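The values are calculated or read from the model by the stated rules, or taken from the named source; none is laboratory data. Computed from a predicted model, the values in this text were never measured in an experiment. As a convention, Cβ positions derive from the backbone with ideal geometry for all residues, glycine included, and neighbour counts pool all protein chains shown. Accessible surface is based on the protein model in full, side chains and every heavy atom, while ligands, DNA and RNA are left aside. Shrake-Rupley method; radii C 1.70, N 1.55, O 1.52, S 1.80 Å.
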Amino acid sequence: AGGMAAAAELVLLVLLAAAGPGLGQARPDALREELLLSPLPAGDMAATFQFRTRWDADLQRGAVSHYRLFPKALGRLVAALGVRELHLALTQGFWRTRTWGQPPLQAPAGAELWVWFQPTVTDIDKAWKELSNILSGIFCASLNFIDSTNTVTPTASFKPLGLGNGTDHHLLRYAVLPREVVCTENLTPWKKLLPCGSKAGLAVLLKAERLFHSSYHSQAVHIRPICRDASCLAVSWELRQTLTVVFDSFAGGQGKKDWSLFRMFSRTLTDACPLASQSKVYVDISPKNKEKELLEVTPPPASLHEAVVQGEKRTYAVYDLLSNSLFNTSRSLNVQLKWTRPQDSSELPTPVLHAHRYVSGYGLQTGEISTLIYNTHPYRAFPVILLETVPWYLRLYVHTLTIITKGKENKPSYIHYQPAQDRRRPHLLEMLIQLPANSITKITIQFERALLKWTEYPPDPNHGFYVGSSVLSALVPSIIAMKEVDMEQSPLFTSLFPSSDGSSYFVRLYTEPLLVNLPTPDFSMPYNVICLTCTVVAMCYGSFYNLLTRTFHVEEPSRGGLAKRLANIIRKLRGVPPL
């Protein structure tokens, strides 16, 4: 009996060891998934998915050999290349800030990648090139086109969002590919990084056919180190996979805009991800205008959550997928939203900070880039950091830089300019500009178009050349005082960007990308020249060569053949003269 007990105890220990820390103690990794449904002021609907994987492990030392929730491909990438922070976004479309309001997570059109490396990395450029090539293979994107001609090192715009010292900007690399097209081949590997894939939980709504039939689609990956607890003596790694989509279709009938999960995604929620410790759906039911217009949601939510988000007090209906009572009445959850009355478009609120960018001028020699920055706050002024990245083939005239606010010159408090080098690096311009209350600031700079080599033009040169979006970073004053929130207890959509104090909130905006025409040669001329040359050779040279090489023979007239002789014999017998 004693031997059998010892054997049973040994088997139990082996099972405990094989099961890992999940039996008997808390697991070192956890998954939270969240869906935020936000009716936009213009009547559209925005859906923001966030999947957060937190891992209490030290990836930098390379001592990790077992991966459970954290993707092994990204974990080994962070450890091998000395990555401290990684932020990748793939976006199709443009977020209309003035119409839709401040975005929860905004990204520029195309592909954006910015990375902070560890101080132990000796060759940053080599690690950056290798990192972009690996990410290109993981996400089936054209990130391998990132090179020195579109990579910059900002000094003030991109600070670390996690732990780390952000003063040594030489460890930072930033690049944008504004022409990158995002489609299903990018979404599929993104979904495969989720612990449950697209088989369970909120990810079952990620149907490519519906996601890409929208006005705006953006998927991103954020990796950063965070504090493990309040004392911050140990470091944990956080992976956030975010996806934002905007639907612009609405149901007719007396102008009311009705929405539901099935109408947006053609699917409903049936269960939570079994590996998730938290799975919730938030619906923004805050009034959108002064009339206190309410939004009816069905089924009735089990609880409400109030928070100050981006300077405004908002109310959210909360559906907890891990609650046993949620799926008792029905097998699926189909959240439906319905306005109590039609919404007047004239009552749309204006964001405190928004911007507009365009290119002007005529001809194909010179032009001008203009950026309009709006501060609609009635009585508060605040500074904003503007980042401009311009390709080398647009040669900027820095002496033409002008900043006008309310008819007066506005001198920047800080300016950093790195001139471009032909075929080596782009222009980099960073400025700290003070925006007065209720003002419009216009920034203009002139440029000259360069003439490229004929091998440097893309297959469709007449389409134009893209210029990446400008980046605006600012601490916008908040009308309502904000309290410091616990990252682990608050919703995910409120805890990505750190808040310095309760009187302001951080906003990062992107302007429109520009499409500029360059002097383009007529690429049809080689074809015309080939056709003309071949014609001349075939007709002129060919005939002349034929005359020189041909041998002429004088042919004697023949006496006639057998048929002619037979005819003459017959004619002779008949007494007719021969032929």
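What the table shows:
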item: Tally, over segment 508-535, of residues that are β-branched (Val, Ile, Thr) and in contact (Cβ under 8 Å) with a residue 40 or more places away in the chain; result: 3
item: Residue check, LEU337 open to solvent by less than 70 Å² (accessible area, probe 1.4 Å), among the aliphatic types (A, V, I, L, M), assigned to a strand (DSSP E or B) and over 30 Å from ASP284 (Cα atoms); result: no
item: Answer from THR520, THR511 - the residue that is touching a helix residue (DSSP H, G or I) at 6+ places or on another chain (Cβ under 7 Å) and polar (S, T, N, Q); result: THR520
item: Selection count, segment 151-163, where residues are open to solvent by 50 Å² or more (accessible area, probe 1.4 Å) and more than 24 Å from GLY468 (Cβ to Cβ); result: 1
item: Any hit, segment 179-194, residues being open to solvent by less than 30 Å² (accessible area, probe 1.4 Å) and among the basic types (Lys, Arg); result: no
item: Output for segment 209-233, where each listed residue is within 30 Å of ALA42 (Cβ to Cβ), part of a strand (DSSP E or B) and out of contact with any Ser or Thr (no Cβ under 6 Å at 6 or more places or on another chain); result: TYR216, HIS217, GLN219, VAL221, HIS222
item: Test result for LEU69, surrounded by 16 or more Cβ atoms within 10 Å (Cβ to Cβ), under 20 Å from the mean Cα position of the chain (by Cα) and of a type outside the set (D, E, K, R); result: no
item: All positions within segment 409-437 that are at negative phi, in a loop (DSSP other than H, G, I, E, B) and either within 28 Å of the chain's Cα centre (by Cα) or of a type in the set (Val, Ile, Thr) (or both); result: PRO419, ALA420, ASP422, ARG424, PRO426
item: Flag if GLU130 is charged (D, E, K, R) and modelled with pLDDT of 90 or more; result: yes
item: Options ALA175, ALA203, ALA156, ALA127: the member that is of a type in the set (Gly, Ala, Ser), assigned to a helix (DSSP H, G or I) and in contact (Cβ under 8 Å) with a residue 60 or more places away in the chain; result: ALA203
item: Subset tally (residues that are open to solvent by 30 Å² or more (accessible area, probe 1.4 Å) and within 19 Å of ALA80 (Cα to Cα)) for segment 102-149; result: 14
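Results for (1) open to solvent by 10 Å² or more (accessible area, probe 1.4 Å); (2) in contact with a Pro (Cβ under 9 Å, 6 or more places away or on another chain); (3) at pLDDT 90 or above; (4) not in a loop (DSSP other than H, G, I, E, B), shown as yes or no for each residue.
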residue: VAL245; (1), (2), (3), (4): no, no, yes, yes
residue: SER249; (1), (2), (3), (4): yes, no, no, no
residue: ARG263; (1), (2), (3), (4): yes, no, no, yes
residue: ARG267; (1), (2), (3), (4): yes, no, no, no
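For (1) in the same structural domain as THR389 (by the TED database); (2) modelled with pLDDT of 85 or more; (3) within 48 Å of the chain's Cα centre (by Cα), each residue gets a yes or a no:
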| position | (1), (2), (3) |
| --- | --- |
| VAL476 | yes, yes, yes |
| PHE493 | no, no, yes |
| PHE506 | yes, yes, yes |
| SER524 | no, no, yes |
| CYS534 | no, yes, no |
| CYS540 | no, yes, no |
| ALA567 | no, no, no |
| PRO577 | no, no, no |
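Here's the yes/no breakdown for (1) surrounded by fewer than 19 Cβ atoms within 10 Å (Cβ to Cβ); (2) closer than 30 Å to PRO287 by Cβ; (3) touching a residue at least 24 places away in the same chain (Cβ under 8 Å):
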site	(1), (2), (3)
THR376	yes, yes, yes
PRO419	yes, no, no
ASP422	yes, no, yes
TRP454	yes, no, yes
